[in-house]
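Worksheet: one structure, shown below.
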Amino acid sequence: MSSEVVNGEEVGYNSEDMSSELSLAEEVGDNLSDISSELSTNRNFNDDVQRSQKAKGEAGETSRINLQQRVLNVAPLNCIPYNGPPNATDTSSLPTKDKAAAEAAEAIGPAIIYLPPNATREELDNIMAVTKTGIAYTGALVKDMLGPVVGLMDMGELPDSYYFRVNLPGVSMDKKDFNCDIRPDGSVHIRGVSLTGEKIVCKNFQIFHMVTQNLCPPGAFTASFQLPGPVKPQEVTTRFEGGIFQVIVKKQ
């Protein structure tokens, strides 16, 4: 047991207790040092793991870029902004007014407008005012242009035969009404009867008074033309389909 004077008072203390307390303090200091060292080690390990993962990620990204897409070093192109739809055939993004105009341009091409027989100049002028760029013909210039023209002919040739076709819409194909005469010298004479253009039409026990009459007028007609050379009239193949009379005849 030892003692000493502190602030005028004698204080006693046990040297064994002091030694025990010092030992305990040293032990606590050692534990703190171990804990600090362990924390530092863990922190360094975590840093190493993060650096390793980052390196792996960058390597994988580089590998993916190299595998999927080759980076080209090219000069930039000169370009101007495109204001149209994303697809040349897509008009959905066009403004409503422009889209309607585009659809109208696609749906309606050049057209012929037939006026009723009693049409007035005012009605014609109103139509022309709407078309703006249209052309209207009147009078004798269009007298023979109304309706499909009967008798128009095309001709073809092979080394051993001729082919011709004649436009005959609305023509009766009854044997008593229609006849095609082909002669050895190559002359062709067609005789027939047109059944269209009548003023009154009877269909399904009903009588219709025609308001317009633009088709070929009814009645008999003839069409004659000359083939380029002599033929064999006995070797003829004929066919009538869709208002067109077609003929193949062997050469002489």
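The values are calculated or read from the model by the stated rules, or taken from the named source; none is laboratory data. As the structure is a prediction and not an experimental result, all values here were calculated from the model. Using ideal geometry, Cβ is built from the backbone for each residue, glycine included, and neighbour counts are taken over all protein chains shown. In case anyone asks, the SASA skips ligands and DNA or RNA and just uses the protein heavy atoms, side chains included. Shrake-Rupley method; radii C 1.70, N 1.55, O 1.52, S 1.80 Å.
Things worth noting here:
- Across the stretch 241-252, the qualifying residues are those that are closer than 27 Å to residue 196 by Cβ and surrounded by 15 or more Cβ atoms within 10 Å (Cβ to Cβ), and the one among them that is farthest from the chain's Cα centre (by Cα) is 247.
- Total residues in the stretch 98-127, condition open to solvent by less than 100 Å² (accessible area, probe 1.4 Å), modelled with pLDDT of 75 or more and either under 21 Å from residue 214 (Cα atoms) or aromatic (Phe, Trp, Tyr) (or both): 5
- Residue in the stretch 230-244 that is touching a Lys or Arg at 6+ places or on another chain (Cβ under 7 Å) and of a type in the set (A, V, I, L, M) present: yes
- Scanning the stretch 166-186 finds one or more residues that are under 47 Å from the mean Cα position of the chain (by Cα) and of a type in the set (S, T, N, Q).
- Scanning the stretch 173-192 finds one or more residues that are in contact with a Cys (Cβ under 6 Å, 6 or more places away or on another chain) and at pLDDT 90 or above.
- Looking only at residues of the stretch 214-238 that are free of Cβ contacts under 8 Å to residues at least 24 places away in the same chain and surrounded by 11 or more Cβ atoms within 10 Å (Cβ to Cβ), we find that the one that is farthest from residue 119 (Cα to Cα) is 235.
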